[in-house]
Each structure stands twice: as C-alpha cells, then as structure tokens.
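Worksheet for the structure shown next.
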Amino acid sequence: MTVEFAGEYFPIQPGGRFVVGREGDLSIDDNLFLHRHFLEIAESGGLWWLANIGARLQATVTDATGGVQAWLAPGARLPLVFATTSVVFSAGPTTYEFTIHSSEPTFRETRREREVEGDSTIGEVPLTLSQKQLLLALAEPLLRRDGTGMSAIPSSADAAARLGWTVTRFNRKLDNVCDKFDRIGVPGMRGGAGGSATNRRARLVEHVIASRLVAKADLTLLDVGETDPADAE
C-alpha cells in the first residue's frame, strides 16, 4: 500500500498504520482547520481500511474511474479494495487530495455490457454541453492548480463572464444542474438562507471533481461554441 501526495510517495508496510492530518505520517499542512490526526490507513482482518478518526471533517472517497463514491464521516471506515483510491477533503477554505495505491486490489471491475435500447437507468445524470461548460467554469481554478481551495471558486458573475453568458442565463442553468443532482441524492444542492449560494457552488464543484464528471482534460470545452440549439436557452 502506498500513499501519493503532491508528487511524493509514502509506502506503508504490511500490518502498519499510517495517519494523515496536521501531524502524523503525512503532515499535509499546518492548517488549523485540519485535525491533527484526521484519517488513518491500517490493515485489519486481511483488508486495508481507511478510517476517519477526526471529530468534524468528512472526506470524499472515490475509485479511479469515479464509478464508486462515498462520504467518510467521523468514526466511519471503508475497505480499500481498489487499485487506486482518491481521497478529497476540505479544511476551512482549502481543499486537499491524495491518492492511495494498492498493489493487490481485491476489487475487479466488471466490464459494462453493450447498451441496448430501453429506458435509461435511474440515477444517471446526462449533461448537455452548456451544463458541462458551467461545471468547468466553476471548477476551473481547482482543476488547473492542485491544492487550490474552495475559496477560489468564482462567483456566478465571474463564471458567467468566463463563458460569455449573462448572469441570468448562468443562474438558470445552475439551478437546472443542481436540480438534476438533487434528484439523485447529492446533498447540498438546494438553496436556502444564509450564504447558501456560495455553499451550493462549493458542494457542486466538490461532487463533480470527486466523481470525475469533470477533469483537467475537459477544460478545452470552455472554448467550444454551442452546437445544440437547446444549449442556447
């Protein structure tokens, strides 16, 4: 088992214990919003586990393909069964990501069968070009620079300007995208009082990056013109 962070690799010996936090085997940052001991990787019962040993923060855990995503709350733990597991979390205004590599994964991916005609599976979120461009405009600072905090997420006005849209059009499409994710159970997509617009954008960006719905390679789409009349609404 090996942990990768910021280009450095930290091997974990069989039967060992590896702690991530403000202090520990991987001292990520001196950020006071981060627990001294936040996450623990340890072997138990023939499996490697990732445990949240903090008191407040949660982590988003995904496999390399984005096909599996889980939220690791304080006190919870997950088995590390994938060849590559990504862990994303925020502490105050800063978001961090590290990767766990397993040389002996216990999970084997099942090949997807060829699509046949019929009803779409509930839970899938089809996105138009303009909806993906909206997500990329919001996530662009984080995708371009690793370790960038959520405070770098642009305002609706700045993201609209990046796309050459009016703020009204941007906000309408943002509502539509959030409604799509809310219907499949993604938390934090509904607005409310008390600065919720910023929180909603941050939660949306965290979700689409963790689930690999957008990636750095997709940023070229920001400069693609509209090809579908429906996108011009």
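Read-outs: derived from the displayed coordinates by stated rules, not from any lab. In this text the structure is predicted, and so the values were computed from the model without any measurement. Backbone-built Cβ (ideal geometry, glycine too); neighbour counts: all protein chains shown.
A few notes on this one:
- Dipole magnitude of the stretch 2-101, debye to nearest 20 (Cβ charges: Lys/Arg +1, Asp/Glu -1, about Cα centre): 320
- If you plug the beta carbon distance of Glu23 and Asp175 into 1/(1 + (r/R0)^6) with R0 = 30 Å, you get a FRET efficiency near 0.10.
- Net length gained if the chain between Arg144 and Leu219 were fully extended (0.36 nm per residue, minus Cα distance): 26.1 nm
- Counting only Cβ charges, +1 for Lys and Arg and -1 for Asp and Glu, the dipole size of the stretch 129-223 around its Cα centre is about 140 debye.
- R0 of 25 Å, Cβ-Cβ distance Leu32-Ala6: FRET efficiency to nearest 0.05: 0.80
- Viscosity 1.306 mPa s, 10 °C: Kirkwood-radius Stokes-Einstein D of the stretch 129-223 over Cα pairs, µm²/s: 120
- Separation of the Ala70 and Ala161 label points, Cα + 7 Å toward Cβ, nm: 4.3
- Of the GluC sites (Glu not before Pro) found in the stretch 19-53, no site is in coil according to DSSP while having at most 10 other Cβ atoms within 10 Å of its Cβ.
- Rg/Rh ratio calculated on Cα atoms of the stretch 2-101 (Kirkwood radius): 0.92
- Applying a DSSP loop filter and a limit of 14 other Cβ atoms within 10 Å to the trypsin sites (Lys or Arg not before Pro) in the stretch 1-77 leaves Arg36, Arg56.
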